[in-house]
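See structure below.
Since every read-out is calculated from the coordinates, none of them should be taken as a lab result. All values derive from a computational prediction rather than experimental measurement. Note that we place each Cβ from the backbone using ideal geometry, even for glycine, and neighbour counts take in every protein chain shown.
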Amino acid sequence: MTESFRRPAAFQVDDPRVVVAEQQLVLSDSSEQALVATDSRIADAIANRSRHWRWGTLFWSACSGLVLLALGIAVTNFVEELFARTPALGVVGLGLAALAGLALLALIVREIFGLIRLGTIDSLRHRALTTIGNDDRDEGRAVVTDLLSLTRRMPQLARARHRLETHLTDIIDGRDRVQLAERELMEPLDTEARRLVLSAAKRVSLVTAVSPRAAIDMLFVLINALALIRKLSVLYGGRPGTIGVLRLFRQVISHLAMTGGVAVTDSLLQQIIGHGVAARLSARLGEGMLNGILTARLGILTIDVTRPLPFAALPRPALNDLVGILLRPEGREAGDLGRSEPGKPEK
Amino acid sequence: MTLISQIVEQARLAARALAEFGGGLFNPTVRLGITGLSRAGKTVFITALVHGLMRGGRFPVFEPLASGRIAAVRLAPQPHDAVPRFDYENHARTLVDERRWPESTRQISELRLLIDYQSQNGALRTLTLDIVDYPGEWLLDLPLLGKSYEQWSAECIAQGRHGARSGLAGSWLAHLVTIDPLAPADEGVAIEAARLFTAYLQACRDERYAMSLLPPGRFLMPGDLAGSPALTFAPLELPEGAEPPHGSLSVMMRRRYDSYREVVVQPFFREHFARLDRQIVLVDTLAALNAGPDAVRDLQGALVSILDCFRIGRGGMFSALFRPRASKILFAATKADHLHHSAHDRLEAILAQMVAGAIAQAGFEGAEVDVIALAAVRATREGHVRGEGGTLPSIIGFPAPDETAGGETFDGRSEVAVFPGDLPADAGALFEPGSHAFRGLTAGCGHDTDFRFVRFRPPQLEQISEGLPALPHIRLDRAMQFLFGDRLQ
């Protein structure tokens, strides 16, 4: 036995050196994992954001800098002109310019915070995924603590949060703890997310079916998609600004490109059948159906990107479930949504 | 002769499996095999499991209970008339009210639990959970099924002359050399040999040696067979090659050994182990670590030979009908509450190393395997002690009366903080043959051992946020989720 091993010892509990653990005890002991479980159900489908330098980013940053400079000079010149004409007008102009500058600053700060928060959610999901893989106890606890602080502002989770907090000091392994947090905190949010996606899809299919021009429905679909992304992100704890929504949109599109091929096989049949029947009845109705299905798919991918935990303990909403409700006559989906989701997790 | 009896045995198992398959279609049943040598904590595990399920304990990881899908859990009448019922009420009273651990099990017993639950899609169902408790010593008999009397004798004598056991086997081995196996059978000699052999096996179980591989099990825990001829035999030093004459001592011993296998071991195996759906193997690693490297290797030997007897693997339709197998197997290092939770990973690594062969085989057969550190009843709290050499992660509890640690004897009424010693990071080093990786009680160095795991008294009930107070535990919910959580979907 090597020297670094410590000898067993016993102390009376009233010994001043003894400290009883009331709260979590973080030890620097690195944990060995004998059996690294690989859960094949969980695949990291989300593209790693590349962090390396890109010329495109440089170009756009430089351009926006130039535009800002130009704007600044134009405003300065304009205010100077106003002063030259009448000092009183100049004072008003200066005040307005200062207000505009302040508002711009506030906007930028809010964007930055929104982006940081999105980044936090992303990294939380990656950490949760790693923890589910290696079952690391300390990391699991850290992930859940972070998740609790992320969802602190969500009133509908108050009870679930309390339940989860009572288990914080229990000895629970990493994977179990993350899945427990998912069951407690994500379930109400998932139901709500499903409702959002479905209503957006219905709206899109209706508008497409009745709109007179293709350009109008294209615009509507785009705006509706951005609004859906924003709503889902807010639902799962993000606070994206305009740039944040655009970045999410880009992530969703790249996610679509990655997983599209896989997802096509399992739901293509139903899409074709659904679209086909509707198209027989009316070309516009069929088009509306197709746009609705596309929006539903976009919504599901957005859930993947905005949810702070990967789908492990709960089933991922499947396109078939949503499309099934979409194709059914009015008035029946309320009961379908109220039921707790039975669906098979989509592979 | 053996071939025919084997075929008959297989046919019987197949017939029972077929009958149960039919019944299982309407009334799903999980036969939970709880495997563990004596003192591994089988009775406590069962009691805690039933107590927790019936009273709705604190099991966040056990999804059906945590999400409220389990409506009720009740005890069903005992299914088999010939087998005693598991005395759950008494065990629970001993554990909870008297705060003592249950006595060691002397008889086989059964319990049937009905779990009323609502499945994920809303259907109301009932799952039957069959649990069997038995003396862990009897498990040691399973490897005998594949051994002839001659093989067994040779192994026993070789073990007795080797390592830590040689000191204990002295009087038995001395008597052994005086016996002539080819002499006519003499009941007196047989009784004396069996008595000395039993005394040697009993001595090996002492806490200081904590040997595990001690067949035949009924010698240690005879049940209702005490004194019968089937238990009056012992290994003999048989001459190579020579066929013993009719009526000699060795022929009589061999006959008794064979009837022991047929009358005692085979029915036990057939009734309780050949048809398991799920299995948990409880291993008291800490007692072996307490005793020393020889005990650890001995425990490994016992586990390997027992696990070889089980049928593990995922069966298809055909094999579900004719050769049922355990499809999930969980290896649990029990008494994890004797260690701080930061050491649980190392404990799991040691157990995984110990049963590495069985894990590999189960994986190959398609069974799901997991290894955890478990405390069905958690008797300690955690804390740390600020000492000279930094902070010691310790556990705090009431040691059982007459336990000793660090030269001190406890009275069972005072609470102490114990640091049990650091487990090695490299589990493999413990198992290298002939290595003396650490010093245990066997080495006879008194209190100067590398590990000291003190036994604690059971805890007081813990108030949970909603509902009745429950027994605290470590990872019992994870074990339940793994073992039958999927059947409650």
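Note that the range A:225-239 has calculated 3J(HN,Hα) couplings of 5, 4, 5, 5, 4, 5, 5, 5, 5, 5, 4, 8, x, x, 10 Hz, one per residue in order, obtained from phi through the Karplus relation 6.51 cos²θ - 1.76 cosθ + 1.60 (θ = phi - 60°); glycine and proline are x.
For the protein assembly as shown, what is the Kirkwood estimate of the hydrodynamic radius, computed as the reciprocal of the mean inverse distance between distinct Cα atoms, to one decimal in Å? Numbers along the way, then the final one.
Values: mean 1/r = 0.0318 Å⁻¹.
That comes to 31.4 Å for the protein assembly as shown.
What FRET efficiency would be calculated for the residue pair B:GLU388, B:ARG413, taking the C-beta separation as r and a Förster radius of 41 Å, to the nearest 0.05?
Numbers: r = 29 Å, r/R0 = 0.70.
The computed FRET efficiency comes out at 0.90.
Averaging the Cα positions of each part gives two centres, and for the range B:181-197 and the range A:129-185 these lie 65 Å apart. Taking a ≥ b ≥ c as the square roots of the eigenvalues of the alpha-carbon gyration tensor, the range B:138-202 is classed oblate because a/c is 1.5 or more while a/b is no larger than b/c. Remark on B:ARG457: its backbone amide H falls under 5 Å from those of B:PHE398, B:ALA400, a criterion applied only to residues 5 or more positions apart or on other chains, H modelled at 1.01 Å from N.
Going by a ≥ b ≥ c, the root eigenvalues of the Cα gyration tensor, does chain B fall in the rounded group (a/c under 1.5), the prolate group (a/b larger than b/c) or the oblate group? Walk me through the numbers on the way to the answer.
Details: a/c = 1.91, a/b = 1.18, b/c = 1.62.
Oblate, because a/c is 1.5 or more while a/b does not exceed b/c.
Counting only DSSP H runs of at least 4 residues, each contributing -39500 (n - 2.57), and dividing by the residue count of chain B, the helix-based mean residue ellipticity at 222 nm comes to -10500 deg cm²/dmol. In order along the range A:243-258, phi translates into HN-Hα couplings of 5, x, 5, 5, 5, 4, 4, 5, 4, 5, 5, 5, 5, 4, 5, 6 Hz, rounded to whole numbers, per the Karplus curve 6.51 cos²θ - 1.76 cosθ + 1.60 with θ = phi - 60° and x for Gly and Pro. Here B:TRP101, B:TRP138, B:TRP152, A:TRP60 are placed in order of increasing Cβ neighbour count within 10 Å, fewest first, which gives A:TRP60, B:TRP152, B:TRP101, B:TRP138. Computed over the Cα atoms of the range B:66-175, what is the convex hull's projected area averaged over all directions, in nm²? Answer in nm², one decimal: 13.0.
Put simply, the amide H of B:LEU374, placed in the peptide plane, has neighbours under 5 Å in B:ALA333, B:THR334, B:LYS335, B:ALA336, leaving out anything fewer than 5 places away on its chain. Whole-Hz Karplus values for the range B:47-57 come out as 4, 5, 4, 5, 4, x, 5, 6, 9, x, x Hz, taken residue by residue from phi with 6.51 cos²θ - 1.76 cosθ + 1.60 and θ = phi - 60°; glycine and proline positions read x. Computed over the alpha-carbon atoms, the range B:144-264 gives an Rg to Rh ratio of 0.94, Rh here being the Kirkwood radius from the mean inverse distance.
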